[in-house]
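The values are calculated or read from the model by the stated rules, or taken from the named source; none is laboratory data. What you see is a predicted model, and the numbers here were worked out from it, not measured in a lab. Every residue, glycine among them, receives a Cβ derived from its backbone with ideal geometry; neighbour counts consider all protein chains shown. Please note that ligands, DNA and RNA were not included when accessible areas were found on the heavy atoms of the full protein model with its side chains. Shrake-Rupley method; radii C 1.70, N 1.55, O 1.52, S 1.80 Å.
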Amino acid sequence: MLTNKEMACKGLGLVLASAAVLLAGGVQAQGLGNSPYSRIGLGEFNGNTGGVRQMGMGGVGLAAPNAVNVNELNPAMLYYTSRTTFEAGYSGQYKTVKNASASTRTGNGTLGYFAMSVPLSTRWGAAVGLKPLSAVDYEANTLQAVVGDPNAQSLKQYKGTGGVSEAYLGQGVRIAKNLTVGLTASYVFGVVDETTGTTLVIANSTAAQEQSIERQHTRYSDFAFRAGTHYRHKLGKSLNLNLGGVYSFGHKLNGQQTNTQERQNADGTLIGTATTVSDGRGSTYVPTLAQAGITLDNDKNWSVSLDAAQQQWSKFNSFSTVGPALNNTVRVGLGGEFAPDPGSVEHYFQRVTYRAGISMAQLPYQPGGKMLYDRSVSWGFAFPLPTSSPLEATTFSLAFTYGVRGNTDLLSVPGSSNVQENYIRGQLGITLNNRWFIKRRLQ
């Protein structure tokens, strides 16, 4: 006899195993593009990996000072904001989703994030911005036999869209020589819609098919907090050691959830009226995320960073419903950046910053107790406009990531396998720096 949790795990395994088997004509991508793993937890969770600069370095930079980009990854780094900075990123993705027997391709493009940071004093910086926290975008079908009727099959269609974003205010302050601390307060909000449609398919039957649909609409809104620290120590004339840490506090994300049921004809016409099964408030627990990083730099034209993160997904729960057992995850990234000669006048490409990195992350869903991974390599560039000056500057940045998530190993359920996503992501970022509040001198 299976427990509720085991049944939930088995059900999710069937969905993931069949996620690549789509209806004829394919699926029009929204949000992420079809991503079966976004059905787990809050969806595809953005584990505080920063913007276009960090993406080009494998998602690292917790301890890497930078005076050009908005340093919101670690709020303590906002102290290093030397000029008022606007930054925005546009993201695109193309992926292949496959299991052991089928595959499909999908893609998308969307506004990634935007942020603004301001130096409030010689020892205090602040930033405001908006960025995605998680995204839900999946569509999958499963076809199962009906017990006791060899001529009938049950077609289940799963679909989910939406996501959660955060609007934040961060501040970083120097409290001692080479030591800074920071705090970010975020307003988290968003809507997630999920549907499950069930159709009974009878062999050699010409009768009109009806579909039973269960809809779940969840609207989230709440607050979250993240604290950070950074320490910088000079190891020699041209070598610096940087240590950084960020702690995102676990918190309840309150929301309103409505569950309804309805029936439709084969052409999508509603039969009768929709029935509300439940409508009430509840919460989803977002687990603690702890991050640490170390960076070496020469305070001029290069830096190398190693970051690690751990999130307690085993404590995740949502609206008191029984879901698949999730496991704590670890993510590790290594990357760096190099500008041959940032002050070069004659050779433009020596002023360009070149970035690269690698990362590996565990997935919280572990079918059969086996770990699934997300492995990726990244690279990127920062192109300053030739008109840049100490007072104002414009930089265009590009970042790319190629990765493989999951695998196509066979599962214990006959005829099923895991799902593998091969993806390439790109991000275009623009950064505007301007020195405000300059005291003018009379000549």
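The relative contact order of the chain, computed from alpha carbon pairs under 8 Å that lie at least 6 residues apart in sequence, is 18 percent.
Farthest toward the positive end of the dipole of the chain, out of Ile424, His230, Asn240, is the Cα of Asn240, where the dipole comes from beta carbon charges about the Cα centre. Computed from the C-beta positions of Ile202 and Ala102, the FRET efficiency with R₀ = 30 Å rounds to 0.80. Straightening the chain between Ile430 and Thr387 buys 14.0 nm, computed as 0.36 nm per residue apart minus the Cα-Cα spacing. Shown here: Rg and Dmax of the Cα atoms in Å, derived from the displayed model; of the candidates (i) 24.4, 95; (ii) 21.1, 66; (iii) 27.7, 84, it corresponds to (i).
A 1.4 Å probe run over the chain, with the rest of the protein chains in place, finds 49 Å² accessible per residue. Which residue, Ser165, Val147, Ile213, has the largest displacement toward the positive end of the dipole of region 109-216 when charges sit on each Cβ (Lys, Arg +1; Asp, Glu -1)? So the residue furthest toward the plus end is Ser165.
Select from region 88-123 those trypsin sites (Lys or Arg not before Pro) which occupy a DSSP coil region and have at most 12 other Cβ atoms within 10 Å, ordered by residue number. The qualifying sites are Arg123. Taking 0.36 nm per residue of separation and subtracting the current Cα-Cα distance, fully stretching the chain between Leu270 and Val118 would add 49.4 nm.
In the chain, the portion of solvent-accessible area held by carbon and sulfur atoms comes to 58 percent [1.4 Å probe, whole percent, DNA, RNA and ligands not counted]. Between Ser154 and Phe86, the simple spin-label model (points 7 angstrom out along Cα→Cβ) gives 5.5 nm. In the chain, helices alone account for a calculated mean residue ellipticity at 222 nm of -1000 deg cm²/dmol, with every DSSP H run of four or more residues adding -39,500 (n - 2.57). This model, with +1 at the C-beta of Lys and Arg and -1 at the C-beta of Asp and Glu, gives the chain a dipole about its Cα centre of some 1600 debye. The calculated FRET efficiency for the pair Met371 and Asn422, based on their C-beta separation and a Förster distance of 25 Å, comes to about 0.85. Here the peptides 310-320, 66-76 are ranked by packing, the mean other Cβ count within 10 Å, and the order with the highest first is 66-76, 310-320.
Relative to the current alpha-carbon distance between Leu410 and Val277, full extension at 0.36 nm per residue lengthens the span by 44.3 nm. If R0 equals 35 Å, the separation of the Cβ atoms of Glu346 and Ala308 corresponds to a calculated FRET efficiency of about 0.30. In the chain, with Lys and Arg counted as +1 and Asp and Glu as -1 at Cβ, which of these residues, Leu289, Asn301, Trp313, has the Cα nearest the positive end of the dipole, that is, farthest along it? Ranked along the dipole, the leading option is Asn301.
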